[in-house]
Amino acid sequence: MATVFQGLAVRTPFSPPNALDSNKSLLHPPRSLSVSDRKGGLFIVRSEGRTNHVLRPRSRSDQFITSAVATKADSSSASTASKPGHELLLFEALREGLEEEMDRDPCVCVMGEDVGHYGGSYKVTKGLATKYGDLRVLDTPIAENSFTGMGIGAAMTGLRPIVEGMNMGFLLLAFNQISNNCGMLHYTSGGQFKIPIVIRGPGGVGRQLGAEHSQRLESYFQSIPGIQMVACSTPYNAKGLMKAAIRSDNPVILFEHVLLYNLKERIPDEEYICSLEEAEMVRPGEHVTILTYSRMRYHVMQAAKTLVNKGYDPEVIDIRSLKPFDLHTIGNSVKKTHRVLIVEECMRTGGIGASLTAAITENFHDYLDAPIVCLSSQDVPTPYAGTLEDWTVVQPAQIVTAVEQLCQ
């Protein structure tokens, strides 16, 4: 396989791509942040596996659909028809971003199981093998450790590979390559090698996919030095983050959720990219800061409609960058609302929410008027039964209850 990429390197001249923030090191400390004199505390709330009868809303207008993937806010959907651009599903937006970067830079290539003429398990790479050939869109054996290591080696030679995991849970087989090679080689080589690789794939709790196919690996990878992690949640940021990740000189893991692939949104016709280190302000508010990402963004927005009817004004932020956190955007929100609720699909123990809680406590403790609340999935394997599956992850009714308690 090494000869394949040597041949590819010869055929495609390595014109240096315009990397996004290529001089920016992942080891740089976060921006210094001032602290005031407020007092706050910290506790974690477990996402308990209760039935909807326990969390029953008080009126018909407050009822929820469990595990629903909500549409975007009414204000944005109402004006969709008048917006310029074109409509794409999320998986199509990922493909469009990937295709644009492959057109732009001949060093960009794709590898993974069934990414070629089959088009990928979720059709993200459909049609790319026909257009770019089997060397740039490479089908691999079922051997995640091998083709992930091969992708890292290709990145060391100057290529910009995108490695697709058919399911994020399968990438545990490549954990050694991702940790000891992908994240550390730039440092251990004394800066001789850059590793401009993108590792992406579907994950999260789906529709009765079972425990092994419902993994959330954000918590596994967040402790690896030198790795950036982002999570897309809309077609717009899926395309923008894909393009930014490919252009970055750092290794980037792009998390996609299996239940969001069919979300549709109108995106601009002109080229754009999203910053890998910036959060997105989804809904401005005054009373409480709700931090979330990926699929939970839609559970939060569903809960926000009920909260507004109850007189609350939540500020919703999609953190998007799971490593590093955008403490500038998060900090400004905390200084305004003085209350924080974190909603994640990751496990409670050692999850993104735990790291985010620590970061907020360290930097903005004196701005907090109430303890930080974190709603996470239960520390159990994801059941196959649909009703049990719903109970293991955070539901909108729990978010409403948490905000009501937090704002008392």
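Computed from the coordinates by the stated procedures, all read-outs in this text should not be read as laboratory data. Remember, predicted model here, so these are calculated numbers, not experimental data. Note that we place each Cβ from the backbone using ideal geometry, even for glycine, and neighbour counts take in every protein chain shown.
Observations on the model:
- In the structure shown, the pairs K264/K335; K83/K323; K131/K239 are assessed against 23 Å; a Cα-Cα span above that value is assigned to K264/K335; K83/K323.
- Globularity index of region 86-267, i.e. its alpha-carbon radius of gyration over 2.2 N^0.38 Å: 0.95
- Cα gyration tensor shape for region 288-363, rounded if a/c is under 1.5, else prolate or oblate: oblate
- Treating r as the C-beta distance of D390 and Q192 and R0 as 56 Å, the FRET efficiency rounds to 0.65.
- Length available on full extension from Y272 to D366: 0.36 nm per residue minus the Cα-Cα distance, which gives 30.1 nm.
- Residue-span extension gain [A143 to N180] - 0.36 nm each, minus C-alpha spacing: 11.5 nm
- A viscosity of 1.567 mPa s and a temperature of 4 °C, combined with the Kirkwood radius over C-alpha pairs in the Stokes-Einstein formula, give region 349-408 a diffusion coefficient of 97 µm²/s.
- Protection proxy ranking, peptides 359-371, 263-275, average beta carbon neighbours within 10 Å, highest first: 359-371, 263-275
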